[in-house]
Amino acid sequence: LASLISLLVGIGGMSLVTGGIAVAFWSVAVIALRRMAQADPLMSKVWFRHIKQQDYYPARSSVWREGGFRC
């Protein structure tokens, strides 16, 4: 994703300034992502579990609770 963003910035501007900004962004992103991966290699699994969760869980009982379904 970082390389895609830097590629789009570099191609979008079509100048030496935007090319330099794209290379700088890519370099910083690679360094940051490598440090994050070294700190916690399983962080991607935590992130995927986090984005699967719903934003809101309504306060209601389900049909699978003990005691049966009641209205």
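The values are calculated or read from the model by the stated rules, or taken from the named source; none is laboratory data. The shown structure was predicted, so the numbers you read here are calculated from the model rather than taken from an experiment. With ideal geometry, Cβ positions are generated from the backbone for all residues, glycine too; neighbour counts draw on all protein chains shown. In case anyone asks, the SASA skips ligands and DNA or RNA and just uses the protein heavy atoms, side chains included. Shrake-Rupley method; radii C 1.70, N 1.55, O 1.52, S 1.80 Å.
The alpha carbon convex hull volume per residue for the chain rounds to 141 Å³. Between residue 53 and residue 1, the modelled labels are 1.8 nm apart [label points 7 Å from Cα along Cα→Cβ]. Each of 6, 44 has its accessible area taken with a 1.4 Å probe; listed largest first, they run 44, 6.
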